[in-house]
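Down below is the structure, laid out as structure tokens.
The values are calculated or read from the model by the stated rules, or taken from the named source; none is laboratory data. Predicted model only: the values in this text are computed from it and were never measured. Neighbour counts run over all protein chains shown; Cβ positions are idealised from the backbone, glycine included. Ligands, DNA and RNA are stripped out before the accessible areas are found, and what is left, the full protein with its side chains, is counted by its heavy atoms. Shrake-Rupley method; radii C 1.70, N 1.55, O 1.52, S 1.80 Å.
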Amino acid sequence: MRKASICPHSSASVAAMDKILEAVVTSSYPASVKQGLVRRVLEAARQPLEREQCLALLALGARLYVGGADELPRRVGCQLLHVAGRHHPEVFAEFFSARRVLRLLQGGAGPPGVRALACVQLGLQLLPEGPAADEVFVLLRREVLRTVCERPGPAACAQVARLLARHPRCVPDGPHRLLFCQQLVRCLGRFRCPSEGEEGAVEFLEQAQQVSGLLAQLWRTQPAAILPCLKELFAVISCTEEEPPSSALASVVQHLPLELMDGVVRNLSNDDSVTDSQMLTAISRMIDWVSWPLGKNIDKWIIALLKGLAAVKKFSILIEVSLAKIEKVFSKLLYPIVRGAALSVLKYMLLTFQHSHEAFHLLLPHIPLMVTSLVKEDSNSGTSCLEQLAELVHCMVFRFPGFPDLYEPVMEAIKDLHVPNEDRIKQLLGQDAWTSQKSELAGFYPRLMAKSDTGKIGLINLGNTCYVNSILQALFMASDFRHCVLRLTENNSQPLMTKLQWLFAFLEHSQRPAISPENFLSASWTPWFSPGTQQDCSEYLKYLLDRLHEEEKTGARICQKLKQSGLPSPPEESPSPSSTSVEKMFGGKIVTRICCLHCLNVSSREEAFTDLSLAFPPPERCRRRRLGSVMLPPEDVAARELASVPRAPAAGTVGPRRQRKHCITGDAPPTLLDIEGRGPSGAGEQSGPEEEGEEAAAEREEEREEKVAEEEELGKEEEKEEEGTREKDEEEEKEKEHKGAEKEKKEEKEEKEEKEEVTEKQAEAEKDDGSAGAGVHKDAATPSREQQCGPEGSRSVLDLVNYFLSPERLTAENRYYCESCASLQDAEKVVELSQGPRYLILTLLRFSFDLRTMRRRKILDDVTIPLLLRLPLAGGRGQAYDLCSVVVHSGVSSESGHYYCYAREGAARPAPSLATADRPEPENQWYLFNDTRVSFSSFESVSNVTSFFPKDTAYVLFYRQRPGEGSKTEPGSPRVRTEPTLHKDLMEAISKDNILYLQEQEKEARSRAAYISALPASPHWGRGFDEDKDEDEGSPGGCNPAGGNGGDFHRLVF
């Protein structure tokens, strides 16, 4: 084909020119052939053409550009338009009229296509200035508004943004501009990523960025449009009737001026027209925007809105959105491009959610996996995230102690990372806390609760009442005592025991996950305790048992008098009072013997006790200080300490250490505890009406010493006194040699401090003295240097028991008044157990009073707890006890911290055979009771809790006597674990409450479904741990008013 053949000026040739070109483009010729032919046609089109020929070529170019099936025809159409527009501008202006543009934009159903909009943009580039151009711009200002109102897809909307960015004269003006901006926001909300591949996702991000960039350009020219657009944005994300909007809306936030943030959030949070459901939906969807890769300042706006809701006390929204979204926010830490924003939001959500550890516990299963992923990433971003995440975990563990079984894998995962100091932790916890949480959070728990898989029921924390909850759960798990309480008859004169019966009955038979002990706590309240503050659980236990004991004794006397008054004549002899339930279950007897070393006269006294308080012996065992129920003067104590010496050489200390290991491992220990080499004793106090001892020597050792003393008594009285004087001098010399390494000034200072501490503790003990039982005081007045214990100071319960039973010399100013001698004489006091209780309660005296700080400090020494404890009794007998409960204190002071309880069923078992008498029974199932949360546990967790968490230490231990080994067994002792039959009123009350709870659950489920039905579905971007949920939902809080997952079960109180 020759060039001359396609350039004739006849009308037939003109028609043939565009037809031939169209046929060539759509033919099956090779691409090289097509391109050659097209090139010749384009060269011809640059020459002067008649009007009809030029219009025909323009029409063909527009048709190929808009409707081309592939890239070649679209490129040819674009080239034709370019050539005609540059070389024939008059004809192009005639062709690209407003009418033509309107036909392009409205050529099909729905919004215009991307190619049509691109064709319009190309035409505007080639259109010369003039009236025709003005008419086109007027048309486009109207048509682009119509286009965005028809909700075009991401590609078409992005093309509109490119068109308007290139030709600002097409932007609607006047009031239409604000409407146009608002409609652009709604278009962004309808965006959906067209494909799952990486290329499609990148293209989708670019399209959203182009549209939001247009909005930013319009806001710069008209700032007054920003606030109306924000209102439109909130209307889109808060709508509960439509499908969730696109995360592409996050691209708008980066263009919002930060100086508007405070005012916008303040107005929004105080707007009464915004319902809680709308606000919940909006903030939930905003948190999903954290996954938007190119978002800037999104985290700042989210945190600002959360702060605004906290300022107006909309805690129900904050709690619900935190629990619903915190796992998804955490999962975004995997992606470096959104990690910074996700970490900021996560830190704020966790550090403000301090009324309960439920949000933190939702993350516990995911933290080890996240740490592993960040370590493998080995990047600066990952390392920084790891450090901040570890700091956050330490803050949460500090804030919510008492969950060792849940925290162990997490602490193991971050063990190699930096540990922040306590000041840093307190700073982080204090900077964002919800200030009104104590009074206003307790009722905001719209989450359904389920009873623990353990079948056990928790107790709600009523505000620092974990010390009560842990003791009540330990008593409840003492099966014999629980059965005794549940067998209480309906008509009795024991109101406190009746309330305990109701509490135990509901703990056993209720369908609720947790109940409130409010009524029982009010009835058993210790008068000197301050409401709302942390208290000593051991002190509460002593008071509670004493109250129950005295109440039952009083009731028995009243019943006896009523029976006697009903008889015609009084009985000749009143029957002896029977033992109370407390005496049967927890009562034992202790014998104190004091031997005068001058006349060898022995005085003894037997007293009852319900618990034994075990003091910690000094690590160096260089002093012996004994404080019994009789409060000794501090001068006597100081003199006695100066006169005390170790009873065995240093090598002898190997003996008890070996025995402790021997017993703990389960091998058969000796019947009597080894007391050789015990050395000086630590301080311990017993608060009773009369003098009580704390230590007892082995029978053989005591008899040997008495025989020696009797042989010496056969000599002269003067020789005995001289011998006593020599003995005293030798003791003083040994004491000086033992402390030869210490400076004299330091020794005097320490002795003075000890003397002041003893004086203080004696005053406290005398103030609290007066209880009928022989209970033991809760504090150990140990010197401040004895509170510290390194790794070499590890002890076992056996060590503390041996120390309790070791003998004591009464010399110098602490001499004993002997009635036979009628004067003060040197003496030796020993303590031994004459009868062991069914349940042995041991309190480890971990708190000592520091006069310098005027506060009680805690001894953090780890104490090994044996499953089997053989308690030595008088006469060389021994009684085996099995561990059944351990109350743990978490913290460093008795006035703060948290209590929780490990326990297993402390039921009576058949007497073991001789071959297995000294071996622990196979371990039963252990449980961890932490306020409302009850979970399965193990003895391994009990044994290792202090190893993982140094501030979590065993405080009160419950041991169950093995039947058949004691002196006698109480009649009616249960041998099976079936629960007693309850009386009718109690059974009816439990049945009615269970029905009520089911009704509440049904109502709660319906209301909650309506309340959170607006929660959006999982966002498309960055699905992380969506399927991995924490099975332990509804976990309890720590020691605070909202610590126990309020919910509807707050209505049930005892």
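Overview of results
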read-out	value
Cα Rg, Dmax, region 255-414, angstrom units	16.2, 49
Alpha carbon centroid spacing (whole Å) that separates region 842-864 from region 17-56	99
R0 of 51 Å, Cβ-Cβ distance L496-D416: FRET efficiency to nearest 0.05	0.45
Global form of region 106-175, assessed from the alpha-carbon gyration tensor, a/c cut-off 1.5	prolate
Estimated inter-spin distance, E550 and R151, nm [label 7 Å along Cα→Cβ]	7.5
Net length gained if the chain between C559 and S381 were fully extended (0.36 nm per residue, minus Cα distance)	56.4 nm
FRET efficiency, Q511 to F398 (Cβ-Cβ, R0 45 Å, nearest 0.05)	0.80
Mean Cβ neighbour count within 10 Å, used as a protection proxy, ranking 266-274, 604-612 highest first	604-612, 266-274
Relative contact order for region 272-346, counting Cα pairs under 8 Å that sit 6 or more residues apart, in percent	38
Long-range HN-HN contacts of F96 with modeled amide H, under 5 Å	none
Cross-link table K553/K992; K829/K951; K347/K1003; K325/K347, entries beyond 24 Å C-alpha to C-alpha	K553/K992; K829/K951; K347/K1003
Accessible area in square angstrom per residue, region 179-300, 1.4 angstrom probe	44
Simple label model, 7 Å out from Cα along Cβ direction - D272 to L860, nm	5.4
Paramagnetic reach from V33 (point 7 Å along Cα→Cβ, amide N under 13 Å) across region 52-71	none
Packing rank of 416-428, 864-876, where each peptide gets the mean count of other beta carbons within 10 Å, highest leading	864-876, 416-428
Virtual spin-label span in nm between L102 and S823, 7 Å along Cα→Cβ	13.3
Global form of region 245-291, assessed from the alpha-carbon gyration tensor, a/c cut-off 1.5	oblate
Sum of side-chain charges, E408 neighbourhood, beta-carbon under 14 Å (Lys, Arg +1; Asp, Glu -1)	-3
Reduced Cα scattering model of region 129-263, Debye log10 I(q)/I(0), q = 0.16 Å⁻¹	-0.81
Carbon and sulfur %, accessible surface of region 104-213 computed with the full protein complex present, 1.4 Å	52
Efficiency of FRET between R852 and A165 - r from beta-carbon atoms, R0 56 angstrom, step 0.05	0.15
Percent carbon-and-sulfur accessible area, region 248-337, ignoring ligands, DNA and RNA, probe 1.4 Å	52
Low-density loop cleavage sites - GluC sites (Glu not before Pro) in region 817-897, where at most 16 other Cβ are within 10 Å (DSSP)	E819, E895
Whole-percent carbon and sulfur share, accessible surface of region 476-527, 1.4 Å	48
Mean Cβ neighbour count within 10 Å, used as a protection proxy, ranking 944-951, 184-191 highest first	184-191, 944-951
Cα gyration tensor, region 453-605 - rounded (a/c under 1.5), prolate or oblate	oblate
